[in-house]
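Encoded as structure tokens, the structure appears first; notes follow it.
The values are calculated or read from the model by the stated rules, or taken from the named source; none is laboratory data. Quantities reported herein were computed from a predicted structural model and do not represent experimental measurements. Note that we place each Cβ from the backbone using ideal geometry, even for glycine, and neighbour counts take in every protein chain shown. The accessibility values were calculated without ligands, DNA or RNA, using every heavy atom of the protein model including side chains. Shrake-Rupley method; radii C 1.70, N 1.55, O 1.52, S 1.80 Å.
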Amino acid sequence: MQKTLSADLKRVSKDKIKLEITKDNYEAFCNAIGLYRKEFIEALKKSEADHKAGRITKRQSLIEIT
């Protein structure tokens, strides 16, 4: 069953928004966006290993990855 999350969405500027959630909703928010998925956690571990080994690439935007 999916949980409905409440959040305050505030426009900071033309290109930015600010999303505020409560501490109580934080875990549900992380789950909703997939931060607890096994694949995501494995990707983080591989990324950390690459970073420690010096295999890094500086990027200006995440769009460059696709």
Are any of the residues in the stretch 5-12 modelled with pLDDT of 85 or more, open to solvent by less than 100 Å² (accessible area, probe 1.4 Å) and out of contact with any Pro (no Cβ under 7 Å at 6 or more places or on another chain)?
no
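Looking at the stretch 26-66, which of its residues are part of a loop (DSSP other than H, G, I, E, B) and open to solvent by less than 80 Å² (accessible area, probe 1.4 Å)? Lay out the reasoning, then the answer.
First pass over the stretch 26-66, keeping only residues part of a loop (DSSP other than H, G, I, E, B): 33-37, 53-61, 66.
Residues satisfying the conditions are Gly34, Leu35, Ala53, Gly54, Ser61.
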